[in-house]
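These notes concern the structure reproduced below.
Every number here is computed from the coordinates shown, using simple stated rules; none is lab data. Here the structure is a predicted model, which means the values were calculated and not measured. Because the Cβ atoms are built from the backbone with ideal geometry, glycine has one as well, and the counts that use them run over all protein chains shown.
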Amino acid sequence: MQSVLRRTVFARAGSLTRPSRPLGSPYRSQFVRTLITKRYTSDHESVVFDDETGLGVVSITNYAQSSLGDVVFVELPTVGSQVDQGSQIGAVESVKAASDIYAPVSGTVKEVNESLSDQPALINKSPEDKGWLCKIQLSDPKEMETLLTEKAYLASLEA
């Protein structure tokens with residue numbers, strides 16, 4: 001009985017192992033490393049940049065949405081429009097106040113979150129996930145280096 005079990009286990013294990021390669025062969029890994037970076041602006045926008053796609057997902061921070069209160073309207077940029085870092089790309093209106101949204105990076109707007117036109121409260125429920133504002137194809141990924149890290153952003157809130 002044990003020999004039958006061993007043969008079955010070894011036969012299955014053999015099919016799961018990676019084929020061996022000779023030393024010095026030009027074998028390339030199938031895995032590609034993607035770097036995803038999240039940075040912040042002093043105006044409480046955040047951008048999550050994927051270096052593989054070159055897209056940055058723009059949102060407002062949790063601090064911003066809590067300061068605004070219940071969001072009732074969101075104005076978003078137009079798909080295909082060119083934006084410059086620091087330029088106004090939209091606005092958020094709440095029961096307390098209205099606030100402009102500024103582009104954290106330069107590039108082309110590739111997509112906007114259409115759900116926000118029907119459900120602006122998504123910004124309150126999930127500002128940096130389901131409440132994202134737009135996706136920008138960065139024209140200069142080095143601009144990400146000029147933005148605040150999470151640690152620096154949190155420190156700026158305490159100051």
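Here are a few things to note about the model shown:
- Full extension of the chain between Thr146 and Ser42 yields a length gain of 36.3 nm, computed as 0.36 nm times the residue separation minus the alpha carbon distance.
- Classified by the C-alpha gyration tensor, the range 74-159 has an oblate form. Its axis ratio a/c, with a ≥ b ≥ c, is 1.5 or above, and a/b does not exceed b/c.
- Other residues with beta-carbon under 14 Å from the beta-carbon of Tyr153 carry, at +1 per Lys or Arg and -1 per Asp or Glu, a net charge of -2.
- With a threshold of 20 Å on the Cα-Cα distance, the over-threshold entries among Lys96/Lys125; Lys38/Lys142; Lys38/Lys96 are Lys38/Lys96.
- For the range 110-159: rounded, prolate or oblate by the Cα gyration tensor [a/c cutoff 1.5]: oblate
- Near Leu138: Cβ cut-off under 15 Å, other residues only, Lys/Arg at +1 and Asp/Glu at -1. The net charge is -4.
- The range 90-130: C-alpha gyration tensor shape, a/c 1.5 cut-off, then a/b vs b/c: oblate
- Once backbone amide H atoms are built at 1.01 Å from N, Ile89 has Ile101, Tyr102, Ala103 as its partners under 5 Å, excluding neighbours fewer than 5 places away on the same chain.
- Positive contributions from Lys and Arg (+1) and negative ones from Asp and Glu (-1), summed over other residues with Cβ under 13 Å from the Cβ of Pro120, come out at -3.
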